[in-house]
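Read the structure below first, then the notes.
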Ligand code: TYM
């Protein structure tokens, strides 16, 4: 196994969807055979917006079940809850004192999530990328698999690590690299090809949840917005603006492991009615086994809880060593 270290996280806030799967989880599963991996339920991040405690508890177990159902193995990856490792928040405070207000003010995700009423957003939502940097740096992760929407947060993490190294005149942190899947870095809503598929979007028709049934998946794909034009090789041209069509082709080519060109060639001249039927079959083939396994894992919460406790113990040992070293560097130990 290489000495590369992978860390990533997902907020346990509602049903995970095809965007989370293709943009992140599928990559996690592929990486666990090659690298030392840490996969985390970002439950502290989930508190940045109003959350019902009972719902959060359920979502934590659902997300853990989804990790395992998608193929993460507790004997290969360390799977744990962020909130169980106190060093994340200890380091986040130290990094709060390194990061600059101007840097955070540039974060586009805060602007999107806070919407027009920024003054009323939680401070946690504002400083969330700093906690994310702490999550990564506490394990000295070298690689961070994420979707495109997290790219800016990864750049911020590198800036914070670099400033820490400069301020304390050492090379303590290696700068982590984002691993972003090329063609499925941003899966878009099935209702609007200019908006990303998201857990928080009101319409359930906008996303394929990893717990959807066969019938629901085919209905959602049937109803997915497209245009009246046929499929042709110009779909990805900038001027075409066929965003919904591009999104469906990207999903298809990822699931079929084929290039966009090959897919466009195979369906050249056909309508989206034919294409959607085949896309539906592919999505069902990939998602239904995961959906069945999620149910199976949720039948035995004890096993899930044990996996999370064991993961926390492994993670805690590493995180405690790091925070001790950092406290020595900054003069707190
Ligand atoms: P979260 O929970 O919003 O999303 C989890 C992962 O799914 C990816 N993703 C997508 N990828 C492609 N298309 C989409 N439509 C789509 N929607 C979501 C996200 O890019 C992400 O990789 N802050 C993070 C969680 C986090 C974290 C970390 C990640 C906390 N600490 C440390 C990496 C490292 C978040 O809210 O992800």
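Report, by residue number, each residue of segment 200-230 that is surrounded by 16 or more Cβ atoms within 10 Å (Cβ to Cβ) and part of a loop (DSSP other than H, G, I, E, B).
Matches in segment 200-230: 201, 207, 208, 210, 211, 212, 224, 225, 226.
Of all residues in segment 135-149 being in a helix (DSSP H, G or I) and surrounded by 24 or more Cβ atoms within 10 Å (Cβ to Cβ), which is farthest from the ligand (Cβ to nearest atom)?
Among those that are in a helix (DSSP H, G or I) and surrounded by 24 or more Cβ atoms within 10 Å (Cβ to Cβ), it is 137.
Within segment 48-61, can one find any residue that is farther than 25 Å from residue 167 by Cβ, in contact with a strand residue (DSSP E or B) (Cβ under 7 Å, 6 or more places away or on another chain) and surrounded by 13 or more Cβ atoms within 10 Å (Cβ to Cβ)?
Yes, there is a match, as at least one residue in segment 48-61 is farther than 25 Å from residue 167 by Cβ, in contact with a strand residue (DSSP E or B) (Cβ under 7 Å, 6 or more places away or on another chain) and surrounded by 13 or more Cβ atoms within 10 Å (Cβ to Cβ).
Which one is farthest from residue 129 (Cα to Cα), of the residues in segment 17-40 that are outside any helix (DSSP H, G or I) and near the ligand (Cβ under 8 Å from one of its atoms)?
17
When you look at residue 75, is it at negative phi, surrounded by fewer than 18 Cβ atoms within 10 Å (Cβ to Cβ), more than 8 Å from the ligand (Cβ to nearest atom) and part of a loop (DSSP other than H, G, I, E, B), yes or no?
Yes: the conditions hold for residue 75.
Just one of (1) more than 24 Å from residue 107 (Cβ to Cβ); (2) away from the ligand (no atom under 15 Å from the Cβ); (3) out of contact with any helix residue (DSSP H, G or I) (no Cβ under 9 Å at 6 or more places or on another chain) trips up residue 202, so point out which.
In the conditions (1) more than 24 Å from residue 107 (Cβ to Cβ); (2) away from the ligand (no atom under 15 Å from the Cβ); (3) out of contact with any helix residue (DSSP H, G or I) (no Cβ under 9 Å at 6 or more places or on another chain), residue 202 misses (1) alone.
Pairs, please: C-beta under 8 Å, at least 6 apart or cross-chain, first residue outside the structural domain of residue 285 (by TED's automatic domain parsing) and at negative phi and in segment 218-245, second loosely packed, with under 14 Cβ neighbours inside 10 Å and at pLDDT below 95?
none
The values are calculated or read from the model by the stated rules, or taken from the named source; none is laboratory data. Remember, it's a predicted structure, so these values are computed and weren't measured experimentally. Don't worry about glycine lacking a Cβ; one is built from the backbone with ideal geometry, like all the others, and counts go over all protein chains shown.
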